[in-house]
Structure formats: C-alpha cells, structure tokens
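The values are calculated or read from the model by the stated rules, or taken from the named source; none is laboratory data. Predicted, not measured: the structure shown is a model, and the values here were computed from it. Neighbour counts run over all protein chains shown; Cβ positions are idealised from the backbone, glycine included. Side chains are part of the model used for accessible areas, which takes the heavy atoms of the whole protein and leaves out ligands, DNA and RNA. Shrake-Rupley method; radii C 1.70, N 1.55, O 1.52, S 1.80 Å.
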Amino acid sequence: MYNYRNSEQLLERALKTIPLGSQTFSKSKTQYPHGVSPYFIQKGKGSRVWDVDGNEYVDYINSLAAITLGHQDPDVDSAVKAQIEEDVLFSLPHPIEMQVAEKLVELVPCAEKVRFGKNGSDATAGAIRLARAFTKRDHVAVCGYHGWQDWYIGSTSRNLGIPEAVQDLTHKFIFNNIESLEHVFANHPKKIAAVILEPMNIEEPHPGFLEAVKELAHHHGALLIFDETITGFRYSTGGAQQLFNVTPDLATFGKGLANGYPLSVLVGSSEVMSLMEEVFFSFTFGGETVSLAAALATLNKLQREPVIDTLQNQGTKIIQALSNIIKDECASDFLHVSGHPSWSFFSMADCQGISHWNLKTLFLQEMFARGILTLGTHNMSYSHCDEDVNLLIKAYEEVIPLIVNAVRQGRVDNLLRCAPIEPLFKVR
Ligand SMILES: Cc1ncc(COP(=O)(O)O)c(C=O)c1O
C-alpha cells in the first residue's frame, strides 16, 4: 500500500505560504482526495514519475497534457542544454524565434504568421484581442475551456473578481449544436468578433459541424479561432485542423508544443495576424529561448519519428480495453470512455443515488494505490510503452469491478479511506 506521509507534510507546510498549496487548480488538493493521494512529485523520466514518498507512477496526466514525448526527453534536454550555453533571455530577439515560427508555418495549415506566449491563456487572450481589433466588435462566442483570463473565465462559475461588464461580452454555445451558435449570432447581431472552440475534446465533431461553424462565423463577419492548446501536436503534426481538414482564421497552441517548457503560440492568416503589429501583445519573457529550443526539438521529433502514430496506437488500445471492461461489467449506463486516442477520458455519472464525485474519489484512491497517476484522462505520451498500457488496463480490470459493486450495493462510503472530492467547475 502506498503511503503519502511526506506529501501530506509538505502540503501542510505549503499551505502556510501558498494559497491552495499549488499554482494550478488542477494540480491542487481540490483534485486529490486527502489521505489517499500524492501532493508533490519529485522527478520524472519517460512515462514515469516519482512522488516525494518515493512512490512510482505511470503518468497519464503528463503535466496536464503538456508532455507529449515523455519526461526528460533526451532530444529536448540536449537542445535545452545547448541553448543554456548561449543564455536564456536577451534584450533583442534571438534567431531561434524565427526558426520556430518557420517550423510552425510549415506544419500548421492556418499558420502564415506567428506570435509566442507562455501559457495557453496568453495565446487565447491574444487571439480574442486581435479578433476584436480586426472586426471592431467586442462580443465573443465560446465553447469549452480557454484559460484563466477575464474575457473567458468570467463566463464560468469561477468568476470571482471579473467585472460584470466583461462577463456580459462572452456567450456560450454547445459543441455539435449549430443552432446554439445561431442563437448567439441572432441575439447579438453584428456584435460577435470571434467564435472560439476546441475542434474536439470529449466528442468527435459531427460530420460538417466544424465547416458549419466556420461558414456561420464568416457569414456574420466574425473570425473563427481554433483553440488547439491540447489537440495541437497530439491529434496530428498540423493539429486537429489538419485532421478534420477545416482551416480557421486563427489558432492557439500551448501544452505539448514544447514538451513541458512554457511556450504557447498564436498563429493565423497574414491578413489578420499583421494587425498584431498594432495590437498590444508584448511581455518581458516573450522570446525566452530555452522554451523555444525545447519547441524546436519537439516539433522536429514529431516530424522525424512516429510520435503521433504511437499516441494514437497506444491510446486506441486503452480505449478498446476500457470499453470492453465496461461492457463486461454491464456498466455502460454510468461509466463512459470518450475522446481521441491521444487524449481520452474515463468518466462516471451519478448512479443509484451515488454521486459521481464519490465514485471518482474511489477511482482515484484505487488508481493511485496501483501506481497510476490519472485524473480520469489518458494524456498519452510517446514514452508510453506496452508495459505502461498493460499496467493501466490491469488497474482498470481491478478497479472498475470495485466501482460497479459499490453502485450495485448502493454505497461507497465503506470503501473510501478519505473524504470525497468536490466539484471545481465543469466546462467540458
Ligand atoms: C483548450 C484549452 N485552452 C486554453 C487553456 C489554457 O492554457 P494555460 O493553462 O496554459 O493557460 C487550456 C488549459 O488547460 C486548455 O485546455
């Protein structure tokens, strides 16, 4: 049985200086049931990470999907070390900015011009500001999660501190439901600057859906932005836009772009992106070279080696095995698997009066104890080998019957060694 004593002591100490003990909601104690979870990771290598108690895990969170190659990828590490020899940040641009920009233009269908940020939120906020400047309109239509900044997060239940005037400018629509987007346009005629969405997350786009979104946006004079913060460099080397063959006006990338180094990017047509010469999108760490070196090494590896195919193949094995287990347990009324093989989701619904939060708590407790780091997603990396996949499937073979039995017996509290986790907020 894993013990988490060092993690818990460090959490107690961290909470004295750091609200929530973490920089990121999804890495915080809100997501990890106390008593059965690690709170701090010490190191990672390939597909594995080790927590501060020395427990080893196969990592299926992969730094919130930022790791696509694996921890400490040797090609990325040597590019980073070489870059550090030249130093990290300068008072003028370093040529590597241009090299990564050129690589992105080569890879991504909509990319003619490129600007870099650090977090995905920089790129999405930049895209929205640019779209507003380009169309001279203020309102936006959103679908999914697009980052921490006011323009977006004001539209969620985590809207503390966001002025109402800003919240009023963002309107939600529903994925695969073109009527919901038509309503947004009908309710705000000639006001919508941009439609932003992930081309896919849980659900595949219905045939013609993305094309219809593009047509509708353009018909109403709005720009189409694909938020490819996760899908980019997971679904294909040119992003989901290449896979689904729909080219947006602008697209944002982050996460796996630099295999864990802090880099995001806004790309798009020359026509629109040229206005970035006037729009204020400018910060001290823009052009920081170590992350750009990591990105170049990552993108070169994506082109050179079967990274995307591996994510796809290993992820498909997981989806198939998990679907079979759910079917064999006759549990498809409340257990689901969805998403793309490179980024798929195991999810639970309320059942027999038991909240899915309680079921998820049981799930996490049991998966961590079996050496699997997951929050329910399978964020695949190139390092996931057959043994890693088999360990995950074996854990599912043991844990799903436990969840199913709990539901059949109408209680889960007798199996939990911790208090259940609570909802953070739901956007997907
Ligand atoms: C689709 C999408 N867009 C934007 C973001 C924001 O990226 P970041 O957290 O790097 O600011 C995320 C982060 O999870 C995301 O998944």
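With the cut-off at 1.5 for a/c, could you classify segment 51-177 from its C-alpha gyration tensor as rounded, prolate or oblate? Oblate, because a/c is 1.5 or more while a/b does not exceed b/c.
Post the alpha-carbon centroid distance, segment 211-276 to segment 41-81, in whole angstrom. One Cα centre to the other: 27 Å.
Assign unit charges at the C-beta atoms only (+1 for Lys and Arg, -1 for Asp and Glu), then state the dipole size of segment 74-304 relative to its Cα centre in Debye, rounded to the nearest 20.
Numbers: 18 positive and 28 negative charges, 45 e Å.
The dipole magnitude comes to about 220 debye.
Taking 11 Å as the cut-off, the amide N atoms of segment 361-388 that come nearer than this to a point 7 Å along the Cα-to-beta-carbon line of Leu415 belong to 361-367.
Among bridges DSSP assigns within the chain, what percent are antiparallel (round to 5)?
Numbers: 27 of 45 bridges.
Bridges in the chain that DSSP calls antiparallel: roughly 60 percent.
Segment 368-428 and segment 304-332 have Cα centres separated by 15 Å. Cross-link pairs exceeding 27 Å between alpha carbons, from the set Lys317/Lys360; Lys172/Lys317; Lys27/Lys136; Lys45/Lys255; Lys81/Lys394; Lys190/Lys255: Lys172/Lys317; Lys27/Lys136; Lys81/Lys394; Lys190/Lys255.
State the volume of the convex hull built on the alpha-carbon positions of segment 240-317, expressed per residue in Å³ and rounded to an integer. Don't jump to the answer; show the numbers that get you there.
Numbers: hull volume 8.7 nm³, N = 78.
It is 112 Å³ per residue.
Using a Gaussian network model of the chain in which every pair of alpha carbons under 10 angstrom is joined by a spring, one finds that among Pro248, Pro401, Pro33 the greatest mean-square fluctuation is at Pro401. Using a cut-off of 9 Å between beta-carbons, work out the net charge of the residues near Lys191 (Lys and Arg +1, Asp and Glu -1, Lys191 not included). Around Lys191, the charge tally is +1.
Around Cys351, what is the net charge, scoring Lys/Arg as +1 and Asp/Glu as -1 over all other residues with Cβ under 13 Å from its Cβ?
Working: positive: Lys360, Arg408, Arg411; negative: Glu329, Asp333, Asp350.
Within the 13 Å Cβ shell, the charges total 0.
Name the residue farthest towards the positive end of the dipole of the chain from the options Leu10, Leu224, His171, assuming +1 on Cβ of Lys and Arg, -1 on Cβ of Asp and Glu, about the Cα centre. My answer, from the dipole projection, is Leu10. Rolling a 1.4 Å probe over the protein heavy atoms leaves Leu64 with an accessible area of roughly 40 Å².
Under the classification rounded if a/c is under 1.5, otherwise prolate if a/b is larger than b/c and oblate if not, where does segment 290-387 fall, given a ≥ b ≥ c as square roots of the Cα gyration tensor eigenvalues? The shape class here is prolate.
I want the local charge near Gln320. Using Cβ-Cβ distances under 13 Å, sum +1 for each Lys or Arg and -1 for each Asp or Glu among the other residues.
With Lys, Arg at +1 and Asp, Glu at -1, the neighbours total +1.
Return a whole-number percent for the relative contact order of segment 74-304, with Cα pairs under 8 Å and 6 or more residues apart as the contact set.
Details: 432 pairs, mean separation 73.1, N = 231.
The value is 32 percent.
Derived value for the chain: Kirkwood hydrodynamic radius 22.6 Å. Basis is the mean of 1/r over every pair of different alpha-carbon atoms.
What's the extension gain from Phe280 to Arg158 if we count 0.36 nm per residue and subtract their Cα-Cα distance? Walk me through the numbers on the way to the answer.
Values: separation 122, 0.36 × 122 = 43.92 nm, distance 2.65 nm.
Result for the pair: 41.3 nm of gain on full extension.
Once C-alpha pairs closer than 8 Å and six or more residues apart are averaged by separation and normalised to the residue number of segment 104-206, the relative contact order reads 29 percent.
With a 1.4 Å probe and all protein chains left in place, how much of the accessible area of the chain comes from carbon and sulfur atoms, in whole percent? Walk me through the intermediate numbers first.
Values: 9630 of 18930 Å².
Percent of accessible area from carbon and sulfur atoms in the chain: 51.
Please state the charge dipole magnitude for the chain, taken about the Cα centre, from unit charges on C-beta atoms (+1 on K and R, -1 on D and E), reported in debye and rounded to the nearest 20. Could the numbers behind the result be given before it?
Numbers: 36 positive and 49 negative charges, 168 e Å.
The dipole of the chain has a size of about 800 debye.
The calculated FRET efficiency for Ser269 paired with Leu402, based on their beta-carbon distance and R0 = 56 Å, is about 0.60.
Taking only C-alpha pairs under 8 Å that are 6+ residues apart, what is the relative contact order of segment 340-428 in percent? Write down the numbers at each step before the final one.
Values: 70 pairs, mean separation 37.8, N = 89.
This gives 43 percent for segment 340-428.
Rounded to the nearest whole Å², what accessible area per residue is found for the chain with the 1.4 Å probe? Don't skip to the end; give the middle numbers.
Numbers: 18930 Å² over 428 residues.
Value returned for the chain: 44 Å² of accessible area per residue.
With R₀ fixed at 30 Å, the C-beta to C-beta distance from Ala133 to Asp168 puts the FRET efficiency at about 0.95.
Given +1 at the Cβ of Lys and Arg, -1 at the Cβ of Asp and Glu and no other charges, the dipole of segment 15-121 around its Cα centre is 560 debye to the nearest 20.
Normalized C-alpha radius of gyration of segment 74-304, against 2.2 N^0.38 Å? Numbers along the way, then the final one.
Working: Rg = 17.4 Å, N = 231, 2.2 N^0.38 = 17.4 Å.
Expressed relative to 2.2 N^0.38 Å, the Cα Rg reads 1.00.
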